[in-house]
Amino acid sequence: MRIYASLIYIFLYAPIALIVALSFNAGKQSMVWTGFSVEWYGKAFSNPLITEALGTSVMIALATAVLSAIFGTMAALGLERTKGWLRIVFDALIYIAIMVPGIVIGISSLITFVTIFDVVNPALEALFNLRLRMGMWSVIATHVLFNIAVVALMVRARLQGMDRSLVEASEDLYATPMGTFRQVVLPLLAPSILAGALLAFTFSFEDFIIAFFVAGPDVTLPIYVFSAIRRGVTPEINAIGTVVLLTSLLLLLIAQWILQRGNKQA
Amino acid sequence: MSTHTRSPLVTGLLLAPAGVFFFFMLILPLLVMLVFSFGERAAAGGYVPAFTFDNYLNLPARGKAFLNTLTLAPLGTLLTAVIAFPMAYFLAVKVPPKWRVVMLVLVMAPFWTSQLMRYYAWIMILGSKGLPAWLAWIGITDVRLLNTPTAVLIGAVYGFLPLMVPPIYVSLEKLDKRLLEASADLGATPWHTFWQITLPLSLPGVATGSMLVFILLMGDYILPQYLGGGKVFFIGNALVDLFLQSRNWPYGAAVSVALVIIMFVTVYFYMRFVLGKTDQRRAALV
């Protein structure tokens with residue numbers, strides 16, 4: 001059993017290790033080792049296309065994380081207070097948002113944006129000399145949709161596991177509803193909100209397929225990586241890949257650590 | 001929160017942002033896609049309003065993509081479940097409690113890192129300079145892995161093991177150990193106990209994991225694109241082709257609608273079947 005488990009870990013991490021190893025390879029040939037070098041990191045981070053794509057991706061991921069954490073938490077709190085059809089509708093929407101494949105979300109958003117622009121743009125152009133087009137904002141909007149659902153599920157799980165007597169005690173001690181929320185509910189929910197925000201960040205930072213359709217002329221890092229791989233890769237990609245892989249591994253471990261600590265406190 | 005603080009206005013305000021997103025970014029696009037699927041392709045690509053079922057009647061033209069997806073996605077899910085089960089069992093039963101969570105997180109972590117980079121690594125591993133070259137070195141020549149269904153299945157297990165292990169782990173960890181002792185006391189062999197108690201009681205976890213993996217595999221694009229290399233393609237690859245290359249939006253919309261319907265129907269029946277079964281087992285046990 002131990003051997004089996006070790007093999008599984010090797011299976012899971014060997015490809016990641018391969019990318020990391022090759023990123024330090026001096027030669028241009030991907031599978032031939034010619035010596036240690038950090039040259040490709042220098043090349044990658046002085047390539048304006050890459051740094052710009054990285055910047056775009058970080059902005060999109062940050063906006064997605066913040067917006068979905070806020071809206072997702074609000075939705076979870078709102079759903080706690082609802083019964084009947086409204087709750088059924090929202091539950092269904094949350095599951096649909098999670099179940100519909102990313103590629104379908106991307107495509108359907110694309111055709112919807114294009115259809116709306118076709119109608120709105122002539123008028124906007126005539127009146128304000130303005131044209132709507134897809135870009136960072138449309139990527140953020142599609143990412144937030146999916147992550148609201150994820151955060152709402154995570155926060156709701158936490159709300160349901162929460163000790164009601166704390167809220168009642170706070171109310172008995174004449175705290176205002178807002179006071180109770182700020183001093184009792186929010187601190188208890190904080191770990192799951194934070195973990196949800198980190199997951200939203202990683203999802204958004206990693207997403208290729210949705211952004212591929214709705215990014216318009218903007219280039220995110222995964223879109224850049226995809227096209228670089230298609231063109232036949234330069235070892236720069238391994239350097240970027242290493243940075244991306246290790247950053248998201250670290251973020252995920254932090255998210256898990258926060259969740260675990262929160263669980264222990266509750 | 002007690003009842004007197006529940007104002008409908010506050011509830012409405014709390015739900016409003018999510019509601020706006022769900023309407024404009026989910027319901028509206030899905031409706032637009034449904035409408036498009038009954039339309040016609042414009043001469044230069046795109047969409048012309050119409051009401052025709054031609055796009056749906058034409059679905060068999062992309063039959064290969066549907067066939068590949070509907071065989072390799074279930075097969076990949078099954079394979080992932082079979083390989084994940086012993087791992088989840090090991091983590092839940094054999095590993096000391098203080099190490100469990102850390103080891104489980106290490107299984108999950110790769111899923112959250114760049115899918116593009118991880119499958120790119122597999123192109124190198126399965127490509128002619130990778131595994132086949134090493135196999136040739138020990139005398140097994142002429143192995144072709146990349147761009148075969150085998151490569152896609154390896155990729156499926158690799159990509160989705162991190163999602164399959166946790167739900168199975170949770171169901172195994174919750175399992176009442178007294179049931180296993182009782183079974184042993186009553187003279188059952190370990191193998192018997194496994195088949196009669198452990199496996200049936202962990203089925204909900206297996207079902208949850210399989211459902212997650214199946215959904216994601218069915219809609220996948222990068223995995224078949226990189227490891228199937230255009231030879232083993234999924235519905236996702238057909239969609240990218242239809243929307244970005246041939247710009248046949250109405251037909252692409254019909255393919256998307258078909259994908260979503262197939263997905264929801266399979267998941268519905270799968271859950272009904274599996275959950276129904278475990279409920280019966282549980283009832284029988286009690």
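The values are calculated or read from the model by the stated rules, or taken from the named source; none is laboratory data. Values in this document were obtained by computation on a predicted structure and should not be read as measured data. Positions of Cβ are generated from backbone atoms using ideal geometry, with glycine treated the same way; all protein chains shown enter the neighbour counts. With ligands, DNA and RNA removed, areas are computed over all heavy atoms of the protein, side chains included. Shrake-Rupley method; radii C 1.70, N 1.55, O 1.52, S 1.80 Å.
Once you sort the root eigenvalues of the Cα gyration tensor of the protein assembly as shown as a ≥ b ≥ c, which label holds: rounded (a/c under 1.5), prolate (a/b larger than b/c) or oblate (the other case)?
rounded
Regarding chain B, what are the three Cα extents along the principal axes, ordered largest first, in Å?
Here the Cα extents, ordered largest to smallest, are 78, 75, 33 Å.
Quick check on chain A: take the gyration tensor over C-alpha atoms, sort the square-rooted eigenvalues as a ≥ b ≥ c, and tell me if it's rounded (a/c under 1.5), prolate or oblate. Before the final figure, lay out the partial values.
Values: a/c = 2.37, a/b = 1.30, b/c = 1.82.
In terms of gyration-tensor shape, oblate.
Give the average, rounded to an integer, of partner chain Cβ atoms located within 10 angstrom of each Cβ in B:97-107.
3
Could you grab the relative contact order for chain B? Cα pairs under 8 Å, six or more apart, rounded to a whole percent.
28
Using the C-alpha atoms of the stretch A:128-263, what convex hull volume per residue, in cubic angstrom, is computed?
On the way: hull volume 18.8 nm³, N = 136.
Expressed per residue, the convex hull around the Cα atoms of the stretch A:128-263 is 138 Å³.
Taking the square root of 5 times each eigenvalue of the Cα gyration tensor, what semi-axes in Å does the equivalent ellipsoid of the stretch A:46-174 have, largest first?
Output for the stretch A:46-174: semi-axes of 36, 20, 16 Å.
With a 10 Å radius around each residue's Cβ, average the other Cβ atoms per peptide and rank B:214-222, B:262-270, A:118-126, highest first.
Numbers: B:214-222: 23.7, B:262-270: 14.7, A:118-126: 11.2.
Result, highest mean Cβ count within 10 Å first: B:214-222, B:262-270, A:118-126.
Add +1 for every Lys or Arg and -1 for every Asp or Glu among the other residues with Cβ under 13 Å from the Cβ of A:Ile193, and state the total.
Residues near A:Ile193 contribute +2 overall.
Filter the trypsin sites (Lys or Arg not before Pro) in the stretch A:91-176 down to the DSSP loop ones having no more than 16 other Cβ atoms within 10 Å, then list what survives. Could the numbers behind the result be given before it?
On the way: sites: A:Arg131, A:Arg133, A:Arg156, A:Arg158, A:Arg164; in loops: A:Arg131, A:Arg133.
Passing both the DSSP loop test and the Cβ count: A:Arg131, A:Arg133.
Which shape class, rounded, prolate or oblate, goes with the stretch A:1-75 when its Cα gyration tensor gives a ≥ b ≥ c as root eigenvalues, a/c under 1.5 marks rounded, and past that a/b bigger than b/c marks prolate? Write out the running numbers ahead of the final one.
On the way: a/c = 5.02, a/b = 1.25, b/c = 4.02.
Judged from the Cα gyration tensor, the stretch A:1-75 comes out oblate (a/c at least 1.5, b/c at or above a/b).
Could you calculate the FRET efficiency of B:Phe53 with A:Lys83 from 1/(1 + (r/R0)^6), where r is the beta carbon distance between them and R0 is 35 Å, rounded to 0.05? Walk me through the intermediate numbers first.
Working: r = 41 Å, r/R0 = 1.17.
For B:Phe53 and A:Lys83, the calculated efficiency is 0.30.
How well do other chains shield peptide A:242-253, expressed as the mean number of their Cβ atoms within 10 Å of each residue Cβ?
Working: counts 2, 1, 4, 6, 1, 2, 7, 5, 2, 3, 7, 5.
Rounded to a whole number, the mean comes out at 4.
Protein chains only, probe 1.4 Å: how do B:Thr77, A:Thr234, A:Thr34 rank by accessible area, largest first? Mind showing how you got there, number by number?
On the way: B:Thr77 10, A:Thr234 55, A:Thr34 90 Å².
Final ranking, largest accessible area leading: A:Thr34, A:Thr234, B:Thr77.
Where is the GNM fluctuation largest for chain B (alpha-carbon springs, 10 angstrom cutoff): B:Val20, B:Val213, B:Val260?
Most flexible of the set in this elastic network: B:Val20.
If you build the Cα gyration tensor of the stretch B:123-164 and take the root of 5 times each eigenvalue, what three semi-axes come out, in whole angstrom, biggest first?
23, 10, 8
What does the charge add up to near A:Ile50, with Lys and Arg as +1, Asp and Glu as -1, over the other residues with Cβ less than 13 Å from its Cβ?
-1
Leaving out same-chain residues fewer than 8 places away, which lysines sit with a Cα under 22 Å from that of A:Lys43?
In chain and number order, the partners are A:Lys28.
Under a Cβ-Cβ cut-off of 12 Å, what is the net charge of the residues other than A:Pro235 that fall near it, where Lys and Arg count +1 and Asp and Glu count -1?
Spelling it out: positives minus negatives among the neighbours equals 0.
Going highest first, how would you order B:25-31, B:176-182 by mean Cβ packing within 10 Å? The partial results should precede the final answer.
On the way: B:25-31: 18.9, B:176-182: 12.1.
The peptides rank, most packed first, as B:25-31, B:176-182.
Say R0 is 51 Å: what FRET efficiency, to the nearest 0.05, do B:Arg144 and A:Val58 get from their beta-carbon distance? Before the final figure, lay out the partial values.
On the way: r = 40 Å, r/R0 = 0.79.
Working from the Cβ atoms, E equals 0.80.
Could you work out the mean count of beta carbons from other protein chains within 10 Å of each residue's beta carbon in A:163-174?
Averaged over the peptide's residues, the number is 1.
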